[in-house]
Structures are given as structure tokens and as C-alpha cells.
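Peer 1: The following block contains the structure, expressed as C-alpha cells.
The values are calculated or read from the model by the stated rules, or taken from the named source; none is laboratory data. None of the values given here were measured: they were computed from a predicted structure. Using ideal geometry, Cβ is built from the backbone for each residue, glycine included, and neighbour counts are taken over all protein chains shown.
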Amino acid sequence: MINRDIVFQRLKESKKYKYLCDETLYRISGWAVERFEPKKAVKAAKNKLHQVYGAYFEKMNINKIQKRLNGLSNNSDTETLKSAAMEILKYHASTSERIPFMEQLYIDLFKRIGKPRRVVDFCCGLNPFAVQWMELEPEAEYTAFDIDTRLISVINTFFSCINRPYRAACGDILVSIPEIGADVVFLFKTIPCLEQQEKGVSERIIKTLILKSKYIVLSFPSKSLTGKKKGMGTYYNQFILEILERSSLSMDYFKLEYSNEVFYVVSK
């Protein structure tokens, strides 16, 4: 007989998935036990993790990031830190393709909503390495969440060099949403992945976050990695509009569009 705890332990012992936060491993363990017979539950859990995690993190070389951070300290000058951050942002396609308009994005965004004092970045990936281009005020707080403990470690190493009140922590937004109020919440290229794991969950997350935040910034790719549009912009635009229309809350939004990514800024 196999149960959720046993599947969880097998995942914790696996070479590939042991670095994921316990929340995620326990969630996926429960998903597998509910749907598959005992002999297949562990394999199903690993397949699911590969689908939602492996495809992203396997392309992110944590050791390479750590090596690039070696030698940096809180005595490093701004240009040295920005140079290292820019190099790291190029290590993954998700952030690399944002680089050409990254600085303009934050200029455009904060011109519309004001400079935030509290920023929360869910499913952050490498985006925290772009924090210097946000040009937040010295007292502003920036909190990043993701599900890989190694990623959280290198982000906090980088934050320790900046001398700002920034931090990163492990957290799975599909399990719980931290009780952190924010001026703005980032969910960059996150919604498609969440929907892949739990269809319809985006509406619940958006409605929960908007009660705790002034703004939520959702982004979607408008082109595939090969540069083809494939109707992605139209699809995601309709997707967001339907969520806002169904909600019992009064929400508004505006769009910021760039070469390969569109941002929906949602407010109460």
C-alpha cells in the first residue's frame, strides 16, 4: 500500500526533485495518489513534476549562476553588480528575451502606478536579478517566491550584495498565498504554467491577490520562442477579460505591450 507520505519521501530522495520545496512535493504527491494505483503513483508524480518544473529549471544552470556570483560582495559597485545580473538574466530564455525592453518596462509601469514601496514577485524565476533596473526607492521592500531551494539560495546571495531590504523564500502559490500585502504583485509568464497544473486556478489566485494588493501585473508571451505569434496575444487577452468579467469584484486593467510579451496591470 502506498500513500501520500510515501510518495513524498520518494520524491525527496530523488536526485532530480529533492531541491523543490516541500509544499510542492506534497501537493504533487497528493495529486498522484488520488489518480493512480500504488505501483504507478511515484512515476506519475515524477512525470507531473517534469511537466511543470523540469521543462523550466533544467534549462537554468544553478551552478553557473553561483559561479558568476562568486567574488561579489556588499562592497561591489553598482556597475559590477549590474553586469553580473545582466549576464545571469541571459541564462534563461524567459528573462533573456525581456532584456531589450526591460528598463523601459519598469519606466512605463511605474509611471502609471507610481513607485511601489512593497513588491512581491511570485514564481519569480530569474526576474529578481532585474531588480536594479526597477530603480526602487532605497526603503522599498522586494520579496520573491519560487519553488526551487537552490534558486532561492542564489537569489538571496545576490540580494546580500545589494544592501537593500530584499529577500527570497520558497513558496508554492498553488498551496498557499503568503499573507503579504503589496503595492504591486508580479506574475510574469506564470498563469499558463499554473493553468497547466490546475485548470481554472488563475481566477482564484487573481481574486485572492487583488484583495491584498493595489496592483497585479500578469504577463504572457505574445510570440513563441521561434518568433511566431500563433494567435497567442488574442488568446490571452480573451482569457484575462473573461476572468475579470466573471469576478464579483470590481477590477480594471490596462496593457503594456512590447515585442514579445504583453503585460496586464490589474487593479481594484
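Peer 1: Being in contact with a Pro (Cβ under 8 Å, 6 or more places away or on another chain) and crowded, with 16+ Cβ neighbours inside 10 Å is the requirement here; does residue 2 meet it?
Peer 2: Yes.
Peer 1: Could you tell me how many of the residues in region 153-192 are surrounded by 19 or more Cβ atoms within 10 Å (Cβ to Cβ) and in a strand (DSSP E or B)?
Peer 2: The total comes to 8.
Peer 1: Within region 136-152, track down each residue that is over 21 Å from residue 110 (Cβ atoms) and not in a helix (DSSP H, G or I).
Peer 2: 145, 146, 147, 148, listed by residue number.
Peer 1: Sort out which residues of region 18-31 are among the hydroxyl-bearing types (Ser, Thr, Tyr) and in a helix (DSSP H, G or I), and write them in order of number.
Peer 2: Result: 24, 26, 29.
Peer 1: When you go through 112, 164, 118 one by one, which is the residue that is of a type in the set (D, E, K, R) and at pLDDT below 95? Steps first, please.
Peer 2: On the way: 112 fails: at pLDDT below 95; 118 fails: at pLDDT below 95.
One residue alone meets the criteria, 164.
Peer 1: Let me ask another. So in region 32-62, with the set limited to residues that are assigned to a helix (DSSP H, G or I) and among the aromatic types (Phe, Trp, Tyr), which one is modelled with the highest pLDDT?
Peer 2: Quick first cut of region 32-62, residues assigned to a helix (DSSP H, G or I) only: 32-35, 38-57, 62.
Keeping just the survivors that are among the aromatic types (Phe, Trp, Tyr) gives 53, 56-57.
Details: 53: 80, 56: 72, 57: 73.
My answer is 53.
Peer 1: Also, I was wondering about something else. Taking only region 166-201 into account, find how many residues are among the small types (Gly, Ala, Ser), within 22 Å of residue 95 (Cα to Cα) and either touching a residue at least 40 places away in the same chain (Cβ under 8 Å) or in contact with a Lys or Arg (Cβ under 8 Å, 6 or more places away or on another chain) (or both).
Peer 2: Matching residues across region 166-201 total 2.
Peer 1: Can you tell me how many residues within region 49-82 are in contact (Cβ under 8 Å) with a residue 60 or more places away in the chain and over 30 Å from residue 198 (Cβ atoms)?
Peer 2: 7
Peer 1: Continuing with this model, one more query. Which residues, counting only those in region 136-178, are of a type in the set (A, V, I, L, M) and within 23 Å of residue 211 (Cβ to Cβ)? Walk me through it before giving the result.
Peer 2: Start the filter on region 136-178 by keeping residues that are of a type in the set (A, V, I, L, M), which leaves 136, 140, 144, 147, 151-152, 154-155, 162, 168-169, 173-175, 177.
Within region 136-178, 140, 144, 169, 173, 174, 175, 177 qualify.
Yes/no matrix, rows are residues, columns are (1) basic (Lys, Arg); (2) at negative phi; (3) under 13 Å from the mean Cα position of the chain (by Cα); (4) not assigned by TED's automatic domain parsing to the domain that holds residue 218:
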site: 83; (1), (2), (3), (4): no, yes, no, no
site: 96; (1), (2), (3), (4): no, yes, no, no
site: 112; (1), (2), (3), (4): yes, yes, no, no
site: 128; (1), (2), (3), (4): no, yes, yes, no
site: 147; (1), (2), (3), (4): no, yes, yes, no
site: 156; (1), (2), (3), (4): no, yes, no, no
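Peer 1: Looking only at residues in region 82-126 that are among the aliphatic types (A, V, I, L, M) and in contact with a strand residue (DSSP E or B) (Cβ under 9 Å, 6 or more places away or on another chain), which one is surrounded by the most Cβ atoms within 10 Å (Cβ to Cβ)?
Peer 2: 120
Peer 1: Between a residue in region 139-150 that is under 16 Å from residue 61 (Cβ atoms) and any residue that is assigned to a loop (DSSP other than H, G, I, E, B) and among the small types (Gly, Ala, Ser), which pairs come within a Cβ distance under 7 Å, given they are 6 or more apart or on different chains?
Peer 2: Short answer, once both residue conditions are applied: 146/125.
Peer 1: Which residues, taken from region 250-268, are at pLDDT below 85 and surrounded by 11 or more Cβ atoms within 10 Å (Cβ to Cβ)?
Peer 2: Result: 251, 268.
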